[in-house]
Amino acid sequence: MHRLLLVAAPLVCLSLAQGTAAQQFSEWSAPVNLGPTINSGVNNQHPAISRNGLSLYYSSDRSGTFGKLDIWVSQRPSLEDSWGTPQNLGPNINSSGNDLAPDFTPDGHWMYFHSDRPGGCGPAGTSDLYVSHRKDKTDDFGWEPAENLGCVINSIYTDAGPTFFEDEELDVTLLYFTSTRPAPPGGGDFDIYVSTLQPDGTWGPGVFVPELSSPFRDTRTTIRKDGLEMIISSGRPGGIGSEDLWVSTRATTADKWSTPVNLGAAVNSSFFDGAPALSRDAKTLYFFSERPGGFTKRDLYMTTRTRLDEPHHRDHDGDDH
C-alpha cells in the first residue's frame, strides 16, 4: 500500500492566516477557450496546472488514448508561450479504463487521480483514488506506476476527484474527494468528503463535508493554497446550467466552509461547466465546459483575475512575497 511521508511544515501564526483571508481579488474575466491544440478529441476535461504554470495536465479521449479517457500533459517554455501538443503520460498512469482528475502535492513529487481500472475496492465500473510518485518534479514523464490508495479511503462506491491540501496552520494533511457512497441527511448523488493523512502515511476514512454537499451532484473541488477558498463543481439549484462552478470561503482553516455561492454568468454558462483547477497564485482558473462555440463536446477554458493587493515580487514557483 502507498505510504506518503511528509515533513511537517512550521506552523503559521493566526494573524498571518487572518491577513491572507482578507486578500482581495478582482472578478473573474470572461472564459477563453484554450484552442484546438488542447481541445482535440470529443472529451477534454478535468484539468490540473503545475505549480510553475508550465505543464497542463488533463483527461482526454484524443487520438492515441490507451483506454476510454487518459491523462495527457501539454507543456510550454514560459507563461507567455502557447501550449504545446499534448503527450500521453503512458501506461504507468493510464489504463484500459477511465483515468481522470489529476492533482499534485505542492512539492510536485506526487500526483493523485481517480480511475475505474480493474482491481479496485468496488465492483467493475466504480472508480478509486490512486497516486503516483516521481523523483524529479520537473519530469512530466517520470511518473512511477500508480498505486491504489487502499480500501480505507476508497469504498465499494465511486470515489473520485482528489484535491490535496497541506494545512500548515493546523499541521494536518487532507485529501478532499467526491463520492457516491450513501451520505448522511443533506447529501445525495455525488458528495464531498475529506480524508486525513495518518501518522503511518496512510489515508484515513473519508468524512462527509456537509457544508460543501447538497442533495444534488457535488463533484470536483480545487482549493487555494492558503485553504481559505474552495471552488467546486455542483448541480445544486440556483445555478445557470446543468452543472456550475461555485465558491466557498472561510476565515481560517479551523472554520467551517461557507455555503457555496455561484460564480455567476461571467464564468458559468447555460450548459455543463465543471472540474475547476486553480493555479498556484489563484489568479487563473481552468475548467471544462460543454458550452457552444468550442471545438469538441467538452473543451478546456480558462478565466483570470488579479489580486488587488498585488505583492512586489513572485518567485519562480508562483508564490508571493
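A few remarks follow.
- For His109, the solvent-accessible surface with a 1.4 Å probe is about 50 Å², rounded to the nearest 10.
- Integer Hz, Karplus 6.51/-1.76/1.60 couplings in order for region 253-259, x for Gly and Pro: 6, 7, 8, 6, 5, 6, 4
- Whole-Hz couplings from phi, Karplus 6.51/-1.76/1.60, listed for region 99-115; x for Gly and Pro: 10, 9, 6, x, 8, 10, 6, x, 7, x, 8, 10, 10, 9, 6, 10, 8
- Judged by the ratio a/c of the largest to the smallest principal axis of the C-alpha gyration tensor, region 128-177 counts as oblate, that ratio being 1.5 or greater while a/b is no larger than b/c.
- With the alpha-carbon atoms of region 107-223 aligned to their principal axes, the span from lowest to highest coordinate is 44, 39, 25 Å, starting with the largest.
- Spatially, region 215-290 and region 40-72 are offset by 20 Å when compared through their Cα centroids.
- Cα gyration tensor, the chain - rounded (a/c under 1.5), prolate or oblate: rounded
- Converting phi to 3J(HN,Hα) with the Karplus coefficients 6.51, -1.76 and 1.60 and the offset θ = phi - 60°, region 232-238 yields 10, 9, 8, x, 5, x, x Hz in sequence order, with x at every glycine or proline.
- Rounded if a/c under 1.5, otherwise prolate or oblate - region 39-148, Cα gyration tensor axes: oblate
- Calculated accessible area for the chain comes out at 42 Å² per residue, all protein chains present (probe 1.4 Å; ligands, DNA, RNA ignored).
- Using the Cβ-Cβ distance between Phe25 and Val207 with R0 = 35 Å, the FRET efficiency computed as 1/(1 + (r/R0)^6) comes to roughly 0.75.
- Accessible surface of the chain [probe 1.4 Å, protein heavy atoms]: carbon and sulfur percent: 56
The values are calculated or read from the model by the stated rules, or taken from the named source; none is laboratory data. Because the structure is a prediction, the values reported are computed rather than measured. Every residue, glycine among them, receives a Cβ derived from its backbone with ideal geometry; neighbour counts consider all protein chains shown. We work out accessible area using only protein heavy atoms, side chains counted, and drop any ligands, DNA or RNA first. Shrake-Rupley method; radii C 1.70, N 1.55, O 1.52, S 1.80 Å.
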